[in-house]
Amino acid sequence: MGNKQTIFSDEQLEAYQDCTFFTRDEILRIYSRFRELEPTLVPEDMSGNETSTVKMPYNKLEAMQELKENPFHRRVCEVFSEDGSGDMTFNDFLDMFSVFSEAAPRDIKSTYAFKIYDFDGDNHIGREDLEHTLNSLTKNELTAEEIEFAIDKVLEEADLDDDGSLSYMEFEHVISRAPDFLSTFHIRI
């Protein structure tokens, strides 16, 4: 009989299929992408607890084609890494790809988009979060006056309860009116 190499146990693959939007083959392709980032770090057999203990350093993740051009690459990695460091286990990496997959529904995508823009983690997108977002999007090319003007306009349009910040519900309301959101909040495997 042949030597069939095991990367994941059948139970692991079934669990991944249950909690992601991927097939077995897609999960194995994502594992290959993870391993390619640093082959000496990632074992060929992940059937133990390696999926939650082996961490890919942020500097390897940010070099990925899908992330390196994204102005929020650091923040994306921080949000998806369980400890917030930006270093990711395979489980974190798979979660990120799942949320950014075409099959992920709008509500999951908007939840994670909100977390990415909520730089200070206070469950509101305030003026500082909006400033950080604008600076990331424009590569710090706006003047302080232009930033203040843009923030005022965003809050005027989207801050329905006039508390000076966007709650998740207000953010989701804005996202629901953005027809291209689903196609732009996406990574192809």
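The values are calculated or read from the model by the stated rules, or taken from the named source; none is laboratory data. Because the structure is a prediction, the values reported are computed rather than measured. A quick note on method: Cβ atoms are made from the backbone with ideal geometry, for glycine too, and the neighbour counts reach across all protein chains shown. The protein model used for the area step is the full one, side chains on, heavy atoms only, and it has no ligands, DNA or RNA in it. Shrake-Rupley method; radii C 1.70, N 1.55, O 1.52, S 1.80 Å.
Things to note:
- For Glu172, the conditions (1) assigned to a helix (DSSP H, G or I); (2) over 22 Å from Phe97 (Cα atoms); (3) open to solvent by less than 60 Å² (accessible area, probe 1.4 Å) all hold with the exception of (2).
- All conditions in (1) in contact (Cβ under 8 Å) with a residue 40 or more places away in the chain; (2) open to solvent by 20 Å² or more (accessible area, probe 1.4 Å); (3) in a helix (DSSP H, G or I) hold for Ser98, with the sole exception of (2).
- Residue match in the stretch 43-66 (condition: within 14 Å of the chain's Cα centre (by Cα), more than 20 Å from Glu11 (Cα to Cα) and not in a helix (DSSP H, G or I)): yes
- Test: residue in the stretch 22-39 that is among the acidic types (Asp, Glu), at negative phi, in contact with a helix residue (DSSP H, G or I) (Cβ under 8 Å, 6 or more places away or on another chain) and modelled with pLDDT of 95 or more: yes
- In the set (1) open to solvent by less than 80 Å² (accessible area, probe 1.4 Å); (2) of a type in the set (A, V, I, L, M); (3) in a loop (DSSP other than H, G, I, E, B), Leu160 fails one condition alone, (1).
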